[in-house]
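So the structure is just underneath, and the comments pick up after that.
The values are calculated or read from the model by the stated rules, or taken from the named source; none is laboratory data. Everything quoted here is computed from the prediction, not taken from an experiment. Because the Cβ atoms are built from the backbone with ideal geometry, glycine has one as well, and the counts that use them run over all protein chains shown. Heads up: the accessible areas ignore ligands, DNA and RNA and are worked out on the full protein's heavy atoms, side chains in. Shrake-Rupley method; radii C 1.70, N 1.55, O 1.52, S 1.80 Å.
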Amino acid sequence: MIKLEPRGERSTTMAYLSPLLAAFLTMLTGAILFTVLGIDPVDALITILYVPISDTHGIAELCVKTAPILLCAIGLSVVFKAKIWNIGAEGQLLMGGLFGSFIALQLIEAEGFWVLPLVLIAGVIGGMFWAGIAAILKVRFNTNEILTTIMMNYIALNILLWAVHGPLKDPEGYNFPESALFGDASLLPILIEGTRVNFGIALALLAVVAVWVLMSRSFYGFQIKVMGMDAGAARLSGFKEKRLTYFALLLSGGLAGLAGVGEVTGPIGQLIPQISPGYGYAAIIVAFLGRLHPVGILFASLLMALLYMGGEMAQISLGLPLALTGLFQGMLLFYLLACDVLIAFRIRLKPKKAKTLQPLATETQG
Amino acid sequence: MDIDLITNILYAMIRTGTPLLIVAMGELICEKSGVLNLGQEGMMLMGAVVGFIVTLLSGSLLLGFLLAMVAGVLMSLIFGLITMELSANQVATGLALTIFGTGLSAFVGSDFVGKPIAGLDPIHIPVLTDLPIIGRMLFGQDLVVYLSFLLFAAVYWFINYSRPGLVLKAVGENPHAANAIGLPVMRTRYLAIIFGGAMAGLAGGYLSLAYTPLWAENMTAGRGWIALALVVFASWKVERVLLGAWLFGLASILHLVFQGLGFSVSPNLLAMLPYLATIVVLVILSSNQSRSRLVAPMSLGNPFYAKS
């Protein structure tokens, strides 16, 4: 008989091992799935996890894809630490892309170093605006942020679709739902010549460092962590719960907005309906997988970016549906949650005993 | 606005509200047992894709609906195992269920996008169905709509008048007290989760087998989430879920109303309305903090770990 036994205190070792175990189990399940589908599992896993990054071009693309995921996830790590469930990184990302595009399209002819910062700031404001609405609703009206942020993801997508079909559509674009191409001054500079690696990944890494300093070295970060662990204790200590909620949500919204504007001014270069293949949702998995820790999130973002590339590669060379990425993402999160039980519990193998009637008194202790 | 338009709007309101009503009934029972399953969207999508594929291959709508429910149940069991046996966080696990269901359904259904099937047809009763205004709404729907009426009556009776319903509520309010007096907490919660899965599967099947009838990736378009909001909107009361589902049905077909009135509004902006309405409703209902704490099942979202 397998039995779960409380450890008494949380195991730090298991907290770090659990994501690795989850990644391993996901790969194992994937291998079984491929075998069932009649595909050589080793070949398939190599195609998904190694082939996409087997050359410098692949590594460069990995950086391009990591940037938005990392930005969203690092922001989410702050709100999740505060036990605020912002599921709306996707919508905040889209609003960032939309706001940034709006400014970039006004400045399409403009020259000068000031154009890009302005566009980026507009994107950040877009994301903050969208998260700010959820923050106001939560703080002022006590509205569940899970449901409001999810709803606002759908609203953001529809606003984006409206914009590219309407006011922001390129008048010379043959009626395609796309904006005009941005001017050069609004595009993120390329970091490495000959690749698509742009300044976005540098911004993302900067955000990681900033959030790390905030959360581990500042009083604000300390207050956010305390609020997440024990809201009552935070209140008794005189921490301003409402202000911290605003701060955490605006920060994560702003970073998601930056991710969005980084996509339209980076690899895309214009506003299109598909800015994000679900980066904002993937970032939720990344934040958990990275244990809400900046370094963990960095590695988890790389893995998630690789999964996106691997999905595309599997579609091209194995003929599998692109949805493979989503399937792997879901499995990864499930296995992580399941493995996390080992943080608080240990597995005990017990010889199977005949069922004995227990006295009622011991059952009612809890 | 002419009579025909009103007739059609009332008809479409009920029809559009039906999947919401079915999922919300399942989620209501689930939440009454103290379990918050945010995976409705994932379970619905699996129901939709499995129902569609089964009907396409077998030609049987009944089999499609049944296996859609089975798919929903299997999905809910994953949620049940992880939250109950492994005491994982219900919010995170529910989210995982939605992400997993979205991915898996898209993966399984990728070869079936856009394929046509003969969906479930609305019934037609001579004279009655042809009545103006209420004819199509009451006598011209498909069988699942009538089934949802029955479902509503059954859930209403179950929660308010039956003994198992009382057990369900006791478990949801205080699982430790319920356990102490010998009520089967785990079994009750499992059954509630399974019922929720079956209903989500059925609602998903309704979308792909009757409402559209087509399979498309992510075709539930947030209905699972709206159903979650509906339960809050209804303050966990069965009759208000019914009202809410039809109101949201109306909000989702407002483009018909606008067309009828001769307004031209961007379809994308109109598509926002159900989501916007959800937020507005949530804000109105939750702004009274002490009240919203009283109406929700006390142990909602808290894992139960029986110490033995």
(request) Look through A:Ser252, A:Ser186 and report the one residue that is of a type in the set (Ser, Thr, Tyr), surrounded by 23 or more Cβ atoms within 10 Å (Cβ to Cβ) and under 23 Å from A:Ile136 (Cβ atoms). (result) A:Ser252
(message) Looking at B:Met1, B:Met69 in this structure, which one is open to solvent by 40 Å² or more (accessible area, probe 1.4 Å), modelled with pLDDT under 95 and out of contact with any Pro (no Cβ under 8 Å at 6 or more places or on another chain)?
(response) B:Met1
(request) Determine, yes or no, whether B:Gly119 is more than 14 Å from every other protein chain (Cβ to nearest Cβ) and within 30 Å of B:Ile53 (Cα to Cα). (result) yes
(message) The conditions are (1) exposed (fewer than 15 other Cβ atoms within 10 Å of the Cβ); (2) not in a loop (DSSP other than H, G, I, E, B), and B:Thr98 fails exactly one of them. Which is it?
(response) (1)
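When you check B:Glu85 against the structure, is it of a type in the set (D, E, K, R), modelled with pLDDT under 95 and open to solvent by 20 Å² or more (accessible area, probe 1.4 Å), yes or no?
Details: of a type in the set (D, E, K, R): yes; modelled with pLDDT under 95: yes; open to solvent by 20 Å² or more (accessible area, probe 1.4 Å): yes.
It is true that B:Glu85 is of a type in the set (D, E, K, R), modelled with pLDDT under 95 and open to solvent by 20 Å² or more (accessible area, probe 1.4 Å).
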(request) Return a yes/no flag: does the range A:180-196 have any residue that is touching a residue at least 24 places away in the same chain (Cβ under 8 Å) and in contact with a His (Cβ under 6 Å, 6 or more places away or on another chain). (result) no
(request) Give the residues of the range B:272-288 that are more than 7 Å from chain A (Cβ to nearest Cβ) and either touching a residue at least 60 places away in the same chain (Cβ under 8 Å) or open to solvent by 20 Å² or more (accessible area, probe 1.4 Å) (or both), sorted by residue number. (result) B:Leu273, B:Ala277, B:Val280, B:Val281, B:Ile284, B:Leu285, B:Asn288
(message) Being over 18 Å from A:Pro267 (Cβ atoms) and modelled with pLDDT under 95 narrows it down to one residue among A:Thr56, A:Thr143; which is it?
(response) A:Thr143
(message) For A:Gln329, only one of the following conditions fails: (1) more than 7 Å from chain B (Cβ to nearest Cβ); (2) within 18 Å of the chain's Cα centre (by Cα); (3) of a type in the set (S, T, N, Q). What is its number?
(response) (1)
(request) Using the structure shown, decide if B:Val167 is over 17 Å from B:Val241 (Cβ atoms) and either at pLDDT below 85 or of a type in the set (A, V, I, L, M, F, W, C) (or both). (result) yes
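Can you tell me which residue in the range A:272-287 is farthest from the chain's Cα centre (by Cα), limited to those that are farther than 18 Å from B:Gly103 by Cα and within 14 Å of another protein chain (Cβ to nearest Cβ)? Before you say what the answer is, go through the steps one by one.
First pass over the range A:272-287, keeping only residues farther than 18 Å from B:Gly103 by Cα: A:272-273, A:275, A:287.
Those left that are additionally within 14 Å of another protein chain (Cβ to nearest Cβ): A:273, A:287.
Values: A:Pro273: 20, A:Ala287: 6 Å.
Among those that are farther than 18 Å from B:Gly103 by Cα and within 14 Å of another protein chain (Cβ to nearest Cβ), it is A:Pro273.
Which helices (runs of 4 or more DSSP H) does the range B:156-217 wholly contain that include 3 or more residues that are open to solvent by less than 30 Å² (accessible area, probe 1.4 Å)? Can you show your working first?
Details: elements: B:163-173, B:175-180, B:185-206.
Result: B:163-173, B:185-206.
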(request) Examine the range A:288-301 for a residue that is part of a helix (DSSP H, G or I) and within 12 Å of another protein chain (Cβ to nearest Cβ), and state whether such a residue exists. (result) yes
(message) I'm told B:Gln90 meets every condition in (1) open to solvent by 20 Å² or more (accessible area, probe 1.4 Å); (2) at pLDDT below 95 except one. Can you identify the failing condition by its number?
(response) (1)
(message) Any residue at all in the range B:46-56 that's outside any helix (DSSP H, G or I) and among the aliphatic types (A, V, I, L, M)?
(response) no
(message) Looking for something in contact with a Lys or Arg (Cβ under 7 Å, 6 or more places away or on another chain), modelled with pLDDT of 90 or more and buried (at least 16 other Cβ atoms within 10 Å of the Cβ) - is there at least one such residue anywhere in the range A:306-324?
(response) yes
(message) Given the criteria within 19 Å of B:Gly26 (Cα to Cα), crowded, with 23+ Cβ neighbours inside 10 Å, touching a residue at least 24 places away in the same chain (Cβ under 8 Å) and within 14 Å of chain A (Cβ to nearest Cβ), does B:Gly244 qualify?
(response) yes
(message) Being within 14 Å of chain B (Cβ to nearest Cβ), over 30 Å from B:Ile279 (Cβ atoms) and over 21 Å from the mean Cα position of the chain (by Cα) is the requirement here; does A:Val115 meet it?
(response) no
(message) Checking A:Val341 against (1) open to solvent by less than 10 Å² (accessible area, probe 1.4 Å); (2) β-branched (Val, Ile, Thr); (3) closer than 24 Å to B:Val91 by Cα: exactly one of these is not met. Which one?
(response) (1)
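So that you can scan it fast, the table gives a plain yes or no per residue for (1) more than 12 Å from the chain's Cα centre (by Cα); (2) closer than 30 Å to A:Trp162 by Cα:
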residue	(1), (2)
A:Asp43	yes, no
A:His57	yes, no
A:Leu62	yes, no
A:Cys72	no, yes
A:Ser77	no, no
A:Glu90	no, yes
A:Met95	yes, yes
(message) Between A:Ala156, A:Ala180, A:Ala163, A:Ala185, which is touching an Asp or Glu at 6+ places or on another chain (Cβ under 9 Å) and within 13 Å of another protein chain (Cβ to nearest Cβ)?
(response) A:Ala156
(message) What are the pairs with Cβ atoms under 7 angstrom where one residue, in the range A:255-278, is in contact (Cβ under 8 Å) with a residue 24 or more places away in the chain and the other, located anywhere, is surrounded by fewer than 19 Cβ atoms within 10 Å (Cβ to Cβ) and among the basic types (Lys, Arg)? Sequence gap at least six, or different chains.
(response) A:Pro267/A:Arg196
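Filter the range A:67-117 down to the residues that are β-branched (Val, Ile, Thr) and assigned to a helix (DSSP H, G or I), then identify the one that is most open to solvent (accessible area, probe 1.4 Å). Full working, then the answer.
Restricting attention to the range A:67-117, the residues satisfying the condition of being β-branched (Val, Ile, Thr) are A:69, A:74, A:78-79, A:84, A:87, A:103, A:108, A:115.
Keeping just the survivors that are assigned to a helix (DSSP H, G or I) gives A:69, A:74, A:78-79, A:103, A:115.
Details: A:Ile69: 0, A:Ile74: 0, A:Val78: 0, A:Val79: 0, A:Ile103: 46, A:Val115: 0 Å².
Result: A:Ile103.
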